[in-house]
Amino acid sequence: MNEEIIRLENLSKTFVSGEIKFTALKDINLSFKKSEFTGMVGPSGSGKTTLLNIIGLIDKPTDGKYILFGENSQAFNFRTASAYRKKHIGFIFQTFNLLPVYTVYENVELALLLLKKTESERKDAVMQALELVGLKDLKDKKPPQLSGGESQRVAIARAIVKKPEIVIADEPTANLDAKNAHSIMQTMIRINKELETSFIFATHDEKVMLYLSRIIKLEDGNVSEDIKINS
Amino acid sequence: MKTEIKIAFKNFFGGGIKSWLNSIAISFAFVFIIFYYGMIDGWNQQTSKDAIDWEYGYGHVIHKNYDPFNVFSLPESHEAITEDFTENLTPVLISHGNIIVNYKANPILIKGIDPNQNIVKIPTANLKNNTAVIGSKMASECKLKSGDSIKIQYFNFSGEPDTVNFKIVEIFNTNVHFVDNGQIWISIHELNKMLGTQNHATYFIAHKNFENINSETWKFISQEALIKPIQELINTKKAGAAVIYILLLAIGLMVIYDTVALAIFRRQKEIGTLAALGLTQKEILRIFIIEGIFYCVGGIIIGLIYGIPLFYYLARYGISFPVSGDSIGVIMAPIIYSVYSFELIANTIIILLMSSAFISYLAAKKITKMNIVDSLKGKAL
């Protein structure tokens, strides 16, 4: 439970556009432990998504260190980073990002296809994940036939089907109504508890904060507060 | 690679009618390329066969001075047939002369051939004294029919002009105008008599079992060498057809390029998602290349569905051309039966697949430079 999986040391990120420089993250020092349910909160432009992208290995810091499972990510090339994402990191996006031509089952299965799992392994895992998010009956539907809440559940199933150590979720409830947002959060808490998956959110939805075990507040690219909540 | 193929396969079918419309467009190029080349191959094969059947046999043994394109070489290009040249060879003696039709003298070649020959299709069996056979084009030009008498003017053994009457006993139909236009065929014995020569020949038509004989006077030209100029001529038509081939291929490939390029623009989020799921950019690039190839595979399958009956019809019943071969200087049957070889179909498929892979790569290579974060926002391009 107290095993450290992520450590950020003096991490900074600066975007350059022509002659304009914008520092999105400044000297971030954070550490994340296994099965934490962490939310990064803050206003738009505070650096939440940038930090999530770096943690998810889809972006690189300009300065500082990002240590993932004891390995310095600076040494990762594109292939290594992809391999880490494939195996250890699941993503949940605000806009779900489901592949429209795939069924619910196929969308979830995709994550396992990339891991070269056998068909029976894939089938078991996909059905288990769909059961966990309560979408077993909709497995043959395609994303355009689903509601926002259902789509986000598919995205969750896709993120957790490979049983990753970390799930990154960028504003997962932003496009959902209160009822669906509550249901989604409950689902993620259950997964967090059952699979010991670490969840790291970016959110500015105050209702989501009620579910978090740790809240990191970001302001202008700095960590202003890091609050651990005893549930 | 298996995973990329699976994903591309699903994307192709997921594209629904759009994917099939692309494939239909490519199928037109595929079918037309095979149709066109099949027709040229059929023409080539028919022409070669006709030339062999009517003129070349298994090769010619020609007199060293004989130049088929120079009528003035004829008086110096015949020689007595020696014993070595009697087996598996049909002698032909040529002289020039005039045919008198309606008081007008038209230059012709008088060709004497062994009436007992069976190596070429010229109907020589009825050639006796003062009888001749001519081709249908010659008959049409001179307004002659079977049973007509004709007067032939020629130069006899003393070099004096002389005339002789012949009865047309048969008019044959052939596509090979080199044995038809401006020619009459008579018995070689008769022609030797007219010219005052003893068993002379200008060239021989070789039979199947003929073996080359070393001689200073006679030169053997194989069947392949005789056919070569015809095939080269037809191949130049094929080279011309390459322009159409390239044009059709370009249209098909442009369809693939547009589709793949547009798909990348439209599916940026999907590209970002695949990258986030753990695919490398090269793997994603491969998916789009394979998708491009699938459009082509779909085109080939559709093309084969409606192409096979069409090709079968053209191979069996042929296609007629209003232009006659002699008007364009080549042997050409009025109906050309297309020939579709395995090689033609396999080569066309391979070229289409390779080109579609290459064009898909060109359209999709920008994926390798796309930023994942921007892709996920749909703003990478």
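Readers should treat all values here as calculations from the given coordinates under stated rules, not as data from a laboratory. What you are looking at is a predicted structure, and each value in this text was computed from that prediction instead of being measured. In this analysis, Cβ positions are derived from the backbone assuming ideal geometry, glycine residues included, and neighbour counts consider all displayed protein chains.
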Practice problem: Mind checking the full-extension length gain between B:Arg266 and B:His96? Use 0.36 nm per residue of separation minus the Cα-Cα distance, one decimal, nm. | Solution: 53.6 nm
Quiz item: Which of A:Ser12, A:Ser82, A:Ser35 moves most in a GNM of chain A, Cα contacts under 10 Å?
Solution: A:Ser82
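About its Cα centre, how strong a charge dipole does the protein assembly as shown have in debye, to the nearest 20, once Lys and Arg get +1 and Asp and Glu get -1 at the Cβ?
Working: 64 positive and 60 negative charges, 486 e Å.
Its charge dipole is roughly 2340 debye.
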Self-check item: Largest-first principal axis extents, alpha carbons of segment B:205-311, Å
Solution: 83, 31, 24
Quiz prompt | Of A:Val101, A:Val167, A:Val208, the one that fluctuates the most in a GNM where chain A has Cα springs shorter than 10 Å | solution = A:Val101
Quiz item: Considering only DSSP beta bridges whose two residues both sit in the protein assembly as shown, what percent are antiparallel, to the nearest 5?
Solution: 70 percent
Exercise. Note down the magnitude of the dipole of segment B:1-160 about its Cα centre, charges +1 on Lys and Arg C-beta and -1 on Asp and Glu C-beta and zero elsewhere, to the nearest 20 debye.
Key: 1160 debye
Quiz item: Which number do you get for Rg(Cα) / (2.2 N^0.38 Å) in chain A?
Solution: 1.00
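Rounded, prolate or oblate: which one fits chain B, using the alpha carbon gyration tensor with axes a ≥ b ≥ c (rounded when a/c is under 1.5, else prolate when a/b beats b/c, else oblate)? Don't skip to the answer; put the middle values down first.
Values: a/c = 4.22, a/b = 3.27, b/c = 1.29.
Cα axes put chain B in the prolate bin.
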Quiz prompt | Theoretical ellipticity at 222 nm over chain B - DSSP helices of four or more residues, -39500 (n - 2.57) apiece, nearest 500 | solution = -16500 deg cm²/dmol
Self-check item: Note, ³J(HN,Hα) from phi for segment A:120-137, Karplus 6.51, -1.76, 1.60, rounded to Hz, x at Gly and Pro
Solution: 5, 4, 5, 4, 4, 5, 5, 5, 5, 5, 5, 5, 4, 9, x, 10, 4, 6
Exercise. Rank B:Gly16, B:Gly196, B:Gly147 by mean-square fluctuation in a GNM of chain B with C-alpha springs under 10 angstrom and give only the top-ranked residue.
Key: B:Gly16
Quiz item: Which values, in whole Å and largest first, are the semi-axes of the equivalent ellipsoid of segment B:240-381 obtained as the square root of 5 times each eigenvalue of the Cα gyration tensor?
Solution: 44, 14, 11
Self-check item: Mean-position separation - Cα centroids, segment B:252-326 and segment B:41-67, in angstrom
Solution: 42 Å
Self-check item: Spatial separation of Cα centroids for segment A:194-226 and segment A:45-117, in angstrom
Solution: 18 Å
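How many Å³ per residue does the convex hull of the Cα positions in segment B:83-153 occupy?
Spread over its residues, the Cα hull of segment B:83-153 gives 104 Å³ apiece.
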Quiz item: In the neighborhood of A:Leu52, defined by Cβ-to-Cβ distances under 11 Å, what is the net charge if each Lys or Arg adds +1 and each Asp or Glu adds -1?
Solution: -2
Exercise. Mind checking which of A:His204, A:Ala75, A:Pro144 is farthest towards the positive end of segment A:63-212's charge dipole, using Cβ charges of +1 (Lys, Arg) and -1 (Asp, Glu) about the Cα centre?
Key: A:Ala75
Exercise. Just name one of A:Ser224, B:Tyr103, B:Val169: the one whose Cα is farthest towards the positive end of the charge dipole of the protein assembly as shown (beta-carbon charges, Lys/Arg +1, Asp/Glu -1).
Key: A:Ser224
Self-check item: Footprinting exposure proxy for A:Ile20, A:Ile215, B:Ile5 (fewest neighbouring C-beta atoms within 10 Å first)
Solution: A:Ile20, B:Ile5, A:Ile215
Quiz prompt | Value of [θ]222 nm, deg cm²/dmol, for chain A, DSSP H segments ≥ 4, -39500 (n - 2.57) each, nearest 500 | solution = -10500 deg cm²/dmol
Quiz item: If we count other beta carbons within 10 Å of each Cβ, what is the order of B:Ile367, B:Ile349, fewest first?
Solution: B:Ile349, B:Ile367
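What's the local net charge at B:Glu76, with K and R +1, D and E -1, over the other residues with C-beta under 13 Å away?
Residues close to B:Glu76 contribute a combined charge of -1.
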